[in-house]
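> Handing you a structure now.
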Amino acid sequence: MLNNDELIQNGLKIATQTKSCIIGRDVLSQVPVEFKKFFGGKKAIIIADDNTWRAAGKKVYNYMVQAGIDTDKYLFPEKEFHAEWQFIERIDNLLKESGRIAISVGSGVINDICKLTAHHQNDQNYISVATAASVDGYTSFGASITYQNAKQTFECPAPICLIADTEVLASAPKEMTAAGYADLAAKVPAGAEWMIADLFQTEPIIPDAWHVLQDVLDEMLADPEHVASGDPDAVGNFFVGLVLSGFAMQAAHSSRPASCTDHLYSHIMDMTHWRYRGKLQSHGFQVAIGTLTMCAMFDEFFKMDLTKLDIDACVKAWPTLEQEQQRAIDLFENFPAPKLGYTEITKKYDDAETVRKQLTLIKKVWPEFKAKLQKQVYTFDKMQKLFAAVGAPTDPTQIGINRKWLLYRTDFTQLMRYRFNLLDLAKRGQFYDELLRGVFGKGGAWQI
């Protein structure tokens with residue numbers, strides 16, 4: 001049985017920016033208390049949209065006014081929107097002109113906009129009031145914003161205080177809750193890819209950031225049925241996992257504890273303005289397909305015997321930096337951010353001698369390392385059943401994506417971020433094509 005209060009307190013110990021976190025029933029009255037604690041007699045402005053205003057914003061506004069705090073409000077008029085730079089500019093101007101402290105009332109998009117714009121105002125910080133258990137970004141160290149056609153993480157502090165009423169969270173649309181569950185589940189394959197990066201010491205595991213979430217992740221994902229039913233306690237339990245994920249990112253000063261290739265599929269959808277039936281798809285639903293894809297990749301990976309790697313042949317076939325740069329230029333030529341692949345592969349390229357050392361190491365430790373990875377990663381079938389139970393997508397067609405698109409975009413995910421991933425290892429070991437055939441070929445999880 002998880003003790004959420006204890007988990008939150010342990011998380012706050014490793015968090016570098018968030019000082020207070022209140023999760024429970026009927027806690028919105030604590031917003032003015034926390035505001036006075038951190039911002040004294042300053043003026044406030046609630047940033048929300050029509051939906052989040054009705055869900056919690058109006059109640060927070062009334063509590064603030066009753067507490068004698070000068071409070072204004074701004075409601076986004078857009079019916080749907082992603083975190084894009086035009087909205088950063090809008091709220092930047094609003095905060096600068098008003099001199100007020102932002103109180104974000106919403107979920108991922110509104111929170112990220114407030115996070116970065118508060119940072120722009122002499123790093124003044126803000127308070128976040130969560131209205132849906134839909135993302136892990138509430139307490140993350142940065143904001144994920146589309147800028148110049150590329151999805152980028154801008155460094156900025158997490159909210160100084162997060163407040164979430166579990167009744168409000170449970171009342172959010174079921175699709176948003178399912179999206180948050182999928183975002184939390186992504187930490188399963190992302191953790192395995194971090195283990196690979198740790199083995200090669202490209203991004204060593206940070207113990208505090210690892211243990212605060214990974215030690216309890218299985219338990220937090222174990223009750224999808226009650227989460228789907230909208231039970232406030234069940235939703236609150238897994239929302240704590242999303243919050244801990246953000247604390248882990250604060251401790252690591254990186255999104256490495258929370259995401260890897262699973263999220264890159266989502267970033268591509270954002271950057272290409274993917275819509276299904278005329279609507280933007282949620283971050284969590286996009287990540288769900290990336291997560292399932294990576295679970296399928298690991299299923300195929302575990303069928304391989306890396307003790308039989310022909311290291312000399314792999315090193316001989318390893319391309320030069322110039323060849324990889326050209327591959328990236330050619331692949332991304334018609335992408336909204338055509339220089340992205342070139343920039344990122346330049347950062348993470350390893351020379352042939354380094355590749356030799358990496359392959360020699362994994363060949364040596366493969367049986368033991370494979371066993372550790374298998375304890376970390378869920379099979380495709382297991383993850384798919386969890387998503388079915390919670391109401392998240394179990395097939396790419398449910399968000400309007402076909403399997404040929406996934407196969408085509410996999411090459412992009414391998415190149416579009418400096419972060420070392422399973423696909424980078426497959427390229428080094430010359431089994432990349434075999435891996436993709438296993439997933440997308442006859443009998444594969446995403447058979448085309």
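> Give me the log10 of I(q) over I(0) for the stretch 167-304 at q = 0.09, 0.12, 0.18, 0.22 Å⁻¹, as the Debye formula computes it from C-alpha points; what are the numbers?
Debye intensities relative to I(0), on a log10 scale: -0.28, -0.50, -1.07, -1.38.
> Would you mind computing Rg(Cα) / (2.2 N^0.38 Å) for the stretch 214-267, counting N as its residues?
Cα-based Rg divided by the globular estimate yields 1.27.
> Hey, another quick one. Accessible area, 1.4 Å probe, largest first: how do SER20, SER29 sort?
Largest accessible area first, the list is SER29, SER20.
> With every protein chain kept in the model, how would you rank ARG100, ARG54 by accessible area, 1.4 Å probe, largest at the top?
From most exposed to least exposed: ARG54, ARG100.
> In addition: Can you tell me the orientation of helix 352-376 relative to the chain, as the angle in degrees between its alpha-carbon axis and the longest Cα principal axis, to the nearest 10?
60
> If you wrap a convex hull around the Cα atoms of the chain, how much volume per residue is inside, in Å³?
131
> Still on this model: Over the Cα atoms of the stretch 40-189, what is the Rg over Rh ratio if Rh follows Kirkwood?
0.95
> Percentage of Cα-Cα pair distances in the stretch 75-132 greater than 13 Å, rounded to whole percent?
Summing the P(r) tail past 13 Å for the stretch 75-132 gives 55 percent.
> Another question, then. Starting from the Kirkwood Rh over alpha-carbon pairs, what translational D in µm² s⁻¹ does the stretch 146-203 have by Stokes-Einstein at 37 °C and 0.692 mPa s?
It comes out at roughly 219 µm²/s.
> Also, I was wondering about something else. Contact order normalised by length for the stretch 67-164, with contacts defined as Cα pairs under 8 Å and 6 or more residues apart; what percent is it?
Value for the stretch 67-164: 26 percent.
> Oh, and also: Determine ³J(HN,Hα), in whole Hz, for all residues of the stretch 214-226 in sequence, where each value follows from phi through the Karplus function 6.51 cos²θ - 1.76 cosθ + 1.60 and θ = phi - 60°; x replaces Gly and Pro.
Whole-Hz 3J(HN,Hα) from phi for the stretch 214-226: 4, 5, 10, 4, 4, 5, 6, 9, 7, 10, x, 5, 5.
> How would you classify the stretch 293-346 from its alpha-carbon gyration tensor, with a ≥ b ≥ c the square roots of the eigenvalues: rounded for a/c under 1.5, else prolate if a/b is greater than b/c, otherwise oblate?
Here the stretch 293-346 falls in the oblate category.
> What percent does the relative contact order of the chain come to when contacts are Cα pairs within less than 8 Å and at least six residues apart?
Relative contact order, the chain: 16 percent.
> Based on Cβ point charges of +1 for Lys and Arg and -1 for Asp and Glu, what charge dipole magnitude is obtained for the stretch 283-373 about its Cα centre, in debye rounded to the nearest 20?
340
> Right, something else. Set Lys and Arg Cβ to +1 and Asp and Glu Cβ to -1, take the dipole of the stretch 134-191 about its Cα centre, and tell me which of ALA179, THR139, PRO189 lies farthest positive.
PRO189
> Moving to a separate point now. Under 5 Å between amide H atoms, partner at least 5 residues away or on a different chain: which partners does ILE22 have, H built in plane at 1.01 Å?
Here the answer is LEU162, ILE163, ALA164, since their amide H atoms fall under 5 Å of that of ILE22.
> Beyond 31 Å between alpha-carbons counts as too far, so tell me which of LYS303/LYS357; LYS19/LYS385; LYS37/LYS279; LYS19/LYS151; LYS73/LYS151 fall in that bin.
Too far apart for the 31 Å limit: LYS19/LYS385; LYS37/LYS279.
> Can you give the three extents of the C-alpha atoms in the stretch 179-246 along their principal axes, from longest to shortest, in whole Å?
Result for the stretch 179-246: principal-axis Cα extents of 42, 18, 16 Å.
> Let me ask something else. How long is the stretch 26-121 along each principal axis, judged by its Cα atoms, biggest number first, in Å?
Result, largest extent first: 33, 27, 17 Å.
> Another question, if that's okay. Once Rh is set to the Kirkwood radius over Cα pairs, what Stokes-Einstein translational diffusion coefficient, in µm²/s, holds for the stretch 241-294 at a temperature of 25 °C and a viscosity of 0.890 mPa s?
For the chosen part, D equals 204 µm²/s.
> Mind putting together the pair-distance distribution for the stretch 330-376? All Cα pairs, 5 Å bins, whole percent per bin, short to long.
5, 17, 14, 13, 13, 14, 14, 10, 1
> Also, I was wondering about something else. Calculate how steeply helix 187-199 sits against the longest principal axis of the alpha-carbon atoms of the chain, using the helix alpha-carbon long axis, and give the answer as 0 to 90 degrees to the nearest 10.
With both axes taken from Cα atoms, the answer is about 50 degrees.
> Label the stretch 318-448 by shape, choosing from rounded, prolate and oblate, from the square roots a ≥ b ≥ c of the eigenvalues of the Cα gyration tensor; if a/c is under 1.5 it is rounded, and otherwise prolate applies when a/b is larger than b/c, oblate when it is not.
Verdict is oblate for the stretch 318-448.
> Under a Cβ-only charge scheme (Lys and Arg +1, Asp and Glu -1), can you give me the dipole magnitude of the stretch 50-186 about the Cα centre, in debye to the nearest 20?
Dipole of the stretch 50-186, to the nearest 20 debye: 240 debye.
> What angle do you read, to the nearest 10 degrees and between 0 and 90, between the alpha-carbon axis of helix 4-14 and the longest principal axis of the chain?
70
> Let me ask something additional. For the stretch 6-64, compute the orientation-averaged projected area of the C-alpha convex hull (one quarter of its surface), in nm².
The Cα convex hull of the stretch 6-64, projected and averaged over all directions, gives 5.0 nm².
> In square nanometres, what is the average projected area of the Cα convex hull of the stretch 118-221?
That works out to 8.7 nm², a quarter of the Cα hull's surface.
> Using helices alone, I'd like the mean residue ellipticity at 222 nm for the chain: each DSSP H run of four-plus residues gives -39500 (n - 2.57), total over residue count, nearest 500.
That comes out to -17000 deg cm²/dmol.
> Nearest 20 debye, what's the magnitude of the dipole of the chain about its Cα centre given +1 on Lys and Arg Cβ and -1 on Asp and Glu Cβ?
Once rounded to the nearest 20, the dipole reads 320 debye.
> Additional query: Once amide H atoms are built 1.01 Å from N in the peptide plane, which residues 5 or more positions from ALA44, or in another chain, come under 5 Å H to H?
Hits under the 5 Å cutoff: ASP70, THR71, ASP72, ILE101.
> Separate question: Short version: ³J(HN,Hα) in whole Hz for each residue of the stretch 267-280, in order, from phi by Karplus 6.51 cos²θ - 1.76 cosθ + 1.60 (θ = phi - 60°), x for Gly and Pro, what are they?
Values per residue, Gly and Pro as x: 4, 5, 4, 5, 5, 9, 6, 5, 10, 10, 6, x, 10, 5 Hz.
> Something else now. Considering the options GLY246, LEU331, ILE345, tell which one lies farthest towards the positive end of the dipole of the stretch 243-381, charges being +1 on Lys and Arg and -1 on Asp and Glu at the Cβ, about the Cα centre.
Most positive-ward Cα: GLY246.
> Explain nothing, just compute: Karplus ³J(HN,Hα) = 6.51 cos²θ - 1.76 cosθ + 1.60, θ = phi - 60°, for every residue of the stretch 68-79 in order, whole Hz, x for Gly and Pro.
Per residue, the Karplus-derived 3J(HN,Hα) values read x, 9, 5, 10, 10, 9, 9, 10, 4, x, 5, 7 Hz.
The values are calculated or read from the model by the stated rules, or taken from the named source; none is laboratory data. Nothing here was measured: the structure is a model prediction, and the numbers come from that model. A quick note on method: Cβ atoms are made from the backbone with ideal geometry, for glycine too, and the neighbour counts reach across all protein chains shown. Please note that ligands, DNA and RNA were not included when accessible areas were found on the heavy atoms of the full protein model with its side chains. Shrake-Rupley method; radii C 1.70, N 1.55, O 1.52, S 1.80 Å.
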